[in-house]
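What follows is one structure encoded as structure tokens, with my remarks underneath.
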Amino acid sequence: MNRSILHLDLDSFFVSVERLADSSLFNKPIIVGGNSERAVVAACSYEARKYGVHSAMPIRMAKSICPEAIIVRGNMDTYIKYSAMVTEIVDRYSPLYEKASIDEFYVDISGMDKYVKSSYLWAKELRNFILKETNLPISFGLSSNKTVSKVGTGEAKPNNHINIPYGSERQFLAPLSVKKIPMVGNKTYIKLRTMGVERIRTLQEIPQDLMMKAFGKNGILIWEKAQGIDSTPVLKDIEQKSISTERTFEQDSCDVKQLRNIIISMVEDLAYKLRKLNKMTSSISIKIRYSDFQTQTKQMRIDYTNLDSVLIKHILPLFDKAYSRRLLIRLIGVRFTNLIVGSYQLNLFEDIESQLRLYKTVDKLKNKYGKDIIFRASGLP
């Protein structure tokens, strides 16, 4: 049986939600992001994109190239509410789906043609349900695999859809820029350009061993995606509601400096795991178990994040509040709850442009060499 994979993506999601709340924002260049000079663009409207504005661009630069832009701070709780509305609709009608981000879904509708007139018509009906019930513009691509469907969605935007029939994947991809291929970032694109590769059709003709030599194992994956080959399955998300870690000491301790350093190390480890899981948290808690086995916990709500520095800033004062008895401690624990799908894109609301770049670099090193390859000096015992 041929696979049939649908990719759904809400168009300029943050901007679209803001326009539902304020109709005066329609047809105007909108930027969602922070207000300070260090802030970056979290999202922008198509009107702003025409000026060259894009996600992760510093706000100061976006203002300089698009002075008419209206800056909106954004409300993550509202975006999460609308994302949940769309998720409920997708869950209601879909046989198997994967939520890839706050505004993006994959749906496996392989074999659907046995029960409906056509998978393409079914996908259009699902899109119409979402449009009708949420008033949010949404686009989709339908093909035999995740890669081609995602690229197709990008070509269909804004607020449209495309069907790439089985067997035409390679032909569909051929005229497009290699930048359209997932996995091809700026550095890979520049290297491909130095090899004389601009369009996917050129990449399709390059021998696999040359791509392997130039890019390692990733070169083979990029080459396969260029051919329209991708066997990655749609995985039903098992909702993880929390993530935590605990440490029981061999000898009970009341060394506050050492305890705070251990907590910093715990938070750093959990934050890295959150980013690997493409998750963020809005609820943090600290647990202390004293030498007499009495347990004290403190919890607080914060803005959604998965950044060490933000989490540490909140967790240390929480520890100070929780540690009230001044007895020896035998166990400490850190727990993050209220997890949602989201990563750096959502963190763009934080006015920390340089820190976002730093975390991406640190995570690359940890992914390649192990999570203990780099850590904060403040987390040392």
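The values are calculated or read from the model by the stated rules, or taken from the named source; none is laboratory data. Keep in mind the model is a prediction, meaning the values are calculated, not measured. A quick note on method: Cβ atoms are made from the backbone with ideal geometry, for glycine too, and the neighbour counts reach across all protein chains shown.
The residues listed here are F14, F26; of these, the one that is of a type in the set (F, W, Y) and out of contact with any strand residue (DSSP E or B) (no Cβ under 7 Å at 6 or more places or on another chain) is F26. Taken over region 11-30, residues that are modelled with pLDDT under 95 and β-branched (V, I, T) amount to 0.
All conditions in (1) in a loop (DSSP other than H, G, I, E, B); (2) surrounded by 15 or more Cβ atoms within 10 Å (Cβ to Cβ); (3) touching a residue at least 24 places away in the same chain (Cβ under 8 Å) hold for I222, with the sole exception of (1).
Kindly indicate whether R326 is assigned to a strand (DSSP E or B) and of a type outside the set (A, V, I, L, M). The answer is no for R326. Looking at I70, is it closer than 21 Å to N2 by Cα, surrounded by 15 or more Cβ atoms within 10 Å (Cβ to Cβ), among the β-branched types (V, I, T) and touching a helix residue (DSSP H, G or I) at 6+ places or on another chain (Cβ under 9 Å)? Judged against the criteria, I70 is not a match. Among the residues of region 229-250, is there at least one that is touching a Gly at 6+ places or on another chain (Cβ under 9 Å), at pLDDT 95 or above and either more than 30 Å from I263 (Cβ to Cβ) or among the acidic types (D, E) (or both)? The answer is no; no qualifying residue exists. Across region 225-252, the qualifying residues are those that are assigned to a loop (DSSP other than H, G, I, E, B) and aliphatic (A, V, I, L, M), and the one among them that is farthest from H7 (Cα to Cα) is I238.
Residues to consider are I31, I89; find the one that is out of contact with any Phe, Trp or Tyr (no Cβ under 7 Å at 6 or more places or on another chain) and either buried (at least 16 other Cβ atoms within 10 Å of the Cβ) or touching a residue at least 24 places away in the same chain (Cβ under 8 Å) (or both). Spell out the reasoning first.
On the way: I89 fails: out of contact with any Phe, Trp or Tyr (no Cβ under 7 Å at 6 or more places or on another chain).
Exactly one of I31, I89 is out of contact with any Phe, Trp or Tyr (no Cβ under 7 Å at 6 or more places or on another chain) and either buried (at least 16 other Cβ atoms within 10 Å of the Cβ) or touching a residue at least 24 places away in the same chain (Cβ under 8 Å) (or both), namely I31.
Working only within region 5-20, note down all residues that are surrounded by fewer than 24 Cβ atoms within 10 Å (Cβ to Cβ) and part of a loop (DSSP other than H, G, I, E, B). The one that is surrounded by fewer than 24 Cβ atoms within 10 Å (Cβ to Cβ) and part of a loop (DSSP other than H, G, I, E, B): D11.
State yes or no: is T202 of a type outside the set (D, E) and either assigned to a helix (DSSP H, G or I) or touching a Lys or Arg at 6+ places or on another chain (Cβ under 7 Å) (or both)? Walk me through how you get there before you give the answer.
On the way: of a type outside the set (D, E): yes; either assigned to a helix (DSSP H, G or I) or touching a Lys or Arg at 6+ places or on another chain (Cβ under 7 Å) (or both): yes.
In short, yes.
Please give the number of the condition M300 fails out of (1) surrounded by 17 or more Cβ atoms within 10 Å (Cβ to Cβ); (2) without any contact (Cβ under 8 Å) to a residue 40 or more places away in the chain; (3) out of contact with any Lys or Arg (no Cβ under 6 Å at 6 or more places or on another chain); (4) closer than 29 Å to M76 by Cβ. With respect to (1) surrounded by 17 or more Cβ atoms within 10 Å (Cβ to Cβ); (2) without any contact (Cβ under 8 Å) to a residue 40 or more places away in the chain; (3) out of contact with any Lys or Arg (no Cβ under 6 Å at 6 or more places or on another chain); (4) closer than 29 Å to M76 by Cβ, M300 is out only on (1). I'd like to know if region 40-55 contains one or more residues that are crowded, with 19+ Cβ neighbours inside 10 Å, closer than 22 Å to S143 by Cβ and either of a type in the set (A, V, I, L, M) or touching a helix residue (DSSP H, G or I) at 6+ places or on another chain (Cβ under 8 Å) (or both). No. Pairs linking a residue in region 43-70 that is over 15 Å from L25 (Cβ atoms) to a residue that is hydroxyl-bearing (S, T, Y) and assigned to a loop (DSSP other than H, G, I, E, B), with Cβ atoms under 8 Å and 6 or more positions apart or on different chains, are I59/S36; I65/Y51.
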